[in-house]
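Enquirer: One structure is given below, represented as structure tokens, and several questions about it will come after.
The values are calculated or read from the model by the stated rules, or taken from the named source; none is laboratory data. Since the structure is predicted, the reported quantities are computational estimates derived from the model, not experimental observations. Cβ sites come from the backbone with ideal geometry, for glycine too, and all protein chains shown count toward neighbours. SASA here: full protein model, heavy atoms, side chains in, ligands and nucleic acids out. Shrake-Rupley method; radii C 1.70, N 1.55, O 1.52, S 1.80 Å.
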Amino acid sequence: MYIRLALLLGFADNLYSDFKERVIKLGDLQVKIKPDVVISEMVEHFLIQPPKMILEKEIIMSDFITLFEAFKKSMDSLPGCTSSIELSKEILSFDSMDLQQGISAYFEKYPIIVKDIDEIQNNELQAFNLNREYLSCNFIDTWTQEQAMSNGKFSIERYQYMFPQKQGCPPLYNTFIYAALEQEVVRAICPNSGEAIETSSSFPVYVQEIPSQFVFYKVHGREEFYIVTAGYPGLKSFLYFPKHNLVIFSRLFYSIGVKENIVSAIVHLYRKFLIFAEKTINYLQQPKRNLTLIYGIQLNLGHYFLNEYSGFYRIILTGLYRKVKDIVIYKKPKLPLEQIFPEFKKAVCYNCESSDELFETCMTHGLFAIYPCAYFLSAETVFHIRQIANSYCSESQKRLITDCVADPLIFINLRKHNKAWQEQVDGTINIARALKQEYPNIGIFLDGLSDCQEDAEVIYQSLRNDISVYNGIGISLLDTICWACRTDAYLCVTGSGLVLLACIANKPGIVHSDHVHMEQVRPGGFFSVIRNDMYPPIPVPRNEVVVVKDEMYSNYSMDWHSLYNRLIKIIYPPSCIE
């Protein structure tokens, strides 16, 4: 700050020669200098980055923040002001300014307050004129709550019949999706008045660096706020009050995300508002918007099946797919929509290659976007996945599966890029040879990403003369599911691949990974709630796995006997084989 003052007072020309003297004089003007600043280091820094450049950057950032504050206020009103368009043009004229950096700087100056609804104090809520009971209603995820908010317009008997709460299953969640599809609005409770209100204004925001998807639904109560869905299951996760720069999130969000992701999502939202200001204003001024589903946004293989595929299949089951006129498809989905869900063949599809294009498409075509996720994998969904896999299994793999006489056949998942068992090549070879002693007709199927091809080839060459080895590296996802269903047991790294084996194929098996991911398969972990009728994966004990670093995705070492000794106990006895 004192450098900027010095420059403004005309000291720039002599700043290097008598820096110390100028600092003293500025000190008389009550300019504070941190005592740990070393003058020589500062001079060296200025030689690299001259003061004039520093001044320009400071002025540009200051101007950006001032203009952005005005832009934000205009956008936070409903349906938005035409002045937003002129302000956005002015801000975008800052050629040297990175929008993400500038908006982040604004929220550093005016930090977003992020509070857990269960922990925020009553006096804090009163300061914002918010009612705890009304706030909480927006996070209640039940059929009766959706019916109450619709004033009886949303009939729930049919959905309760189709999706009964089964013993041992987690709650259905995302009941709002079915109400939104049927009524073509998302409903909320005004946190100030308690009135039921509705909206069809939606802003999809995909944050690549997290990566995670958010849909902001803009609602006009006594003041504007957003109800936001987020996380893998797309739950109602938090409310954002732009006037107060306040976020209140639900406990459900805490189990699927971190608070820093909320701030990142809001920064991305306003960045898109800036870039597409005119289209956003036009969108907000439209009287009606077209009901739209988002597909393909889930990049994680396991969550694609658990959440996205499951959600779309439930839309088919309820017949609500008939209400859908448009679908926005993000990048390249795990499976083509027209292949797995031909029921949507009449819908207009928009293909988007980026997060910005996804947002722009919704604004341009006036789309009311819903990301229809589910929270767990039902038996009906699993049956549908298997049917699709069998229908589209390639002829070459279908012949191999039909001709495979290995008994038993063990599915072995390889991993290379991270979270890798460092001895997987020698370990797999030793396990296969040990099994050969008990099961003369043993066979193994090797699965993994393309970076595992070299390891798979070494394993194949070492075993090919004695054991049937099927190399599945590079085959299609649906082919892999067919092989998973054909196998008798598995050895798998804890992660997305485990969903194919444990949840879809429902096979018994042993899992291994770094210490952090292994918690997912322990009692009460992630894999204990996503399907209630599957064989529970058996984890290798923590003390038998030595991680390179005690962090997520760390590589690790493990004696192959840790897998073999557990696998041999869950395969049927050799005496059962003719």
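Enquirer: How would 95, 407 line up by accessible area, probe 1.4 Å, largest first?
Expert: The ranking, largest first, comes out as 95, 407.
Enquirer: Further, regarding this structure: How much accessible area does residue 362 have with a 1.4 Å probe, in Å² rounded to the nearest 10?
Expert: My reading of the accessible area for residue 362 is about 0 Å².
Enquirer: Given a 1.4 angstrom probe, I'd like the percentage of the accessible area of the chain that is carbon and sulfur, rounded to a whole number.
Expert: Roughly 51 percent of what the probe reaches on the chain is carbon or sulfur.
Enquirer: Could you give the Stokes-Einstein D for the range 415-542 in µm² per second, using the C-alpha Kirkwood radius, 25 °C, 0.890 mPa s?
Expert: 161 µm²/s
Enquirer: Taking only protein heavy atoms and a 1.4 Å probe, what accessible area per residue, in Å², does the chain have with all protein chains in place?
Expert: 45 Å²
Enquirer: I would also like to ask the following. Divide, for the range 405-451, the radius of gyration over alpha carbons by 2.2 N^0.38 Å, where N is the residue count. Let's see the in-between values first.
Expert: Working: Rg = 11.7 Å, N = 47, 2.2 N^0.38 = 9.5 Å.
Rg over 2.2 N^0.38 Å, computed on Cα atoms: 1.24.
Enquirer: Give me the one-decimal Kirkwood hydrodynamic radius in Å for the range 67-138, with the sum taken over alpha-carbon pairs.
Expert: Hydrodynamic radius (Kirkwood, Cα pairs) of the range 67-138 is 14.8 Å.
Enquirer: Still on this structure, please answer the following. Just subtract the alpha-carbon distance of residue 259 and residue 349 from 0.36 nm times their residue separation and send over the number in nm, one decimal.
Expert: Gain on extension, residue 259 to residue 349, equals 29.1 nm.
Enquirer: Right, something else. In nm², what is the average projected area of the convex hull enclosing the Cα atoms of the range 505-572?
Expert: So the mean shadow area of the Cα hull is 5.1 nm².
Enquirer: Then there's this: What distance in nm separates the two pseudo spin-label positions at residue 142 and residue 423, each 7 Å out from Cα along the beta-carbon direction?
Expert: Result for the modelled spin labels: 5.3 nm.
Enquirer: Taking the DSSP beta bridges in the chain as the whole, what percent of them are antiparallel, to the nearest 5?
Expert: If we restrict to bridges inside the chain, about 45 percent are antiparallel.
Enquirer: Just report the Cα centroid separation between the range 267-342 and the range 392-420, whole Å.
Expert: 33 Å
Enquirer: Just to confirm the number: angle between the C-alpha axis of helix 259-275 and the first principal axis of the chain, 0 to 90 degrees, nearest 10?
Expert: Approximately 60 degrees, to the nearest ten.
Enquirer: Now, a different point. Apply 1/(1 + (r/R0)^6) to the Cβ-Cβ distance of residue 515 and residue 63, taking R0 = 60 Å, and write down the FRET efficiency to the nearest 0.05.
Expert: 0.75
Enquirer: Suppose every Lys and Arg Cβ carries +1 and every Asp and Glu Cβ carries -1, with no other charges. What dipole size does the chain come out with about its Cα centre, to the nearest 20 debye?
Expert: Charge dipole of the chain: 1260 debye, to the nearest 20.
Enquirer: At 7 Å along the Cα-to-beta-carbon direction for both residue 153 and residue 129, put a label point, then send me their distance in nm to one decimal.
Expert: For residue 153 paired with residue 129, the spin-label model returns 2.6 nm.
Enquirer: Placing +1 on the Cβ of each Lys and Arg and -1 on the Cβ of each Asp and Glu in the chain, which of 443, 548, 499 has its Cα farthest towards the positive end of the resulting dipole?
Expert: Positive-end residue among those listed: 499.
Enquirer: Then there is this: Give me the extension gain from residue 116 to residue 438: residue separation times 0.36 nm, minus the current Cα-Cα distance, reported in nm with one decimal. Could the numbers behind the result be given before it?
Expert: On the way: separation 322, 0.36 × 322 = 115.92 nm, distance 5.58 nm.
Extra length available between residue 116 and residue 438 comes to 110.3 nm.
Enquirer: Right, here's the next one. Quick one: dipole size for the range 390-480, taken about the Cα centre, charges +1 on Lys/Arg Cβ and -1 on Asp/Glu Cβ, in debye to the nearest 20. Could the numbers behind the result be given before it?
Expert: Numbers: 8 positive and 13 negative charges, 20 e Å.
That gives the range 390-480 a dipole magnitude of about 100 debye.
Enquirer: Okay, next question. I'd like the FRET efficiency for residue 100 and residue 278, computed as 1/(1 + (r/R0)^6) with the beta carbon distance as r and R0 of 22 Å, rounded to 0.05.
Expert: Computed FRET efficiency for residue 100 and residue 278 comes out at 0.60.
Enquirer: Separate question: Quick one: pull the percentage of alpha-carbon pairs in the range 98-182 with a separation above 19 Å.
Expert: Details: 2148 of 3570 pairs.
Everything past 19 Å amounts to 60 percent.
Enquirer: Which of 401, 465, 197 sits closest to the plus end of the dipole of the chain, meaning its Cα is farthest towards the positive end, when Lys and Arg get +1 and Asp and Glu get -1 on the C-beta?
Expert: Of the listed residues, the answer is 197.
Enquirer: Using only Cα atoms, locate the centre of the range 104-174 and the centre of the range 532-569, then give the distance between them in Å, rounded to an integer.
Expert: What the calculation gives is 38 Å, centre to centre.
Enquirer: In whole Hz, what ³J(HN,Hα) sequence does the range 529-538 give by Karplus (6.51, -1.76, 1.60; θ = phi - 60°), x for Gly and Pro?
Expert: Couplings: 10, 7, 7, 8, 10, 10, 5, x, x, 9 Hz.
Enquirer: Gain in length, residue 454 to residue 162, computed as 0.36 nm per residue apart minus the alpha-carbon separation, to one decimal in nm? List each step's numbers first, then the result.
Expert: Numbers: separation 292, 0.36 × 292 = 105.12 nm, distance 4.79 nm.
This chain segment gains 100.3 nm when fully extended.
Enquirer: While we're on this one: Which distance in nm do the two modelled labels at residue 288 and residue 465 give, with both placed 7 Å along the Cα-to-Cβ direction?
Expert: Rounded to a tenth, the inter-label distance reads 7.5 nm.
Enquirer: Rounded to the nearest 500, what is the 222 nm mean residue ellipticity of the chain from helices alone, with -39500 (n - 2.57) per DSSP H run of 4+ residues and division by all residues?
Expert: Calculated mean residue ellipticity at 222 nm is -11500 deg cm²/dmol.
Enquirer: Show me the three semi-axes of the equivalent ellipsoid for the chain, from the C-alpha gyration tensor (sqrt of 5 times each eigenvalue), largest first, rounded to whole Å.
Expert: Value: 50, 34, 22 Å, ordered largest first.
Enquirer: While we're on this one: What does the convex hull of the Cα atoms of the range 213-328 come to per residue, in Å³, rounded to a whole number?
Expert: Dividing the Cα hull volume of the range 213-328 by its residues yields 140 Å³.
Enquirer: Determine the order of 222, 542 by accessible area, beginning with the largest, at a probe radius of 1.4 Å.
Expert: In descending accessible area the options line up as 222, 542.
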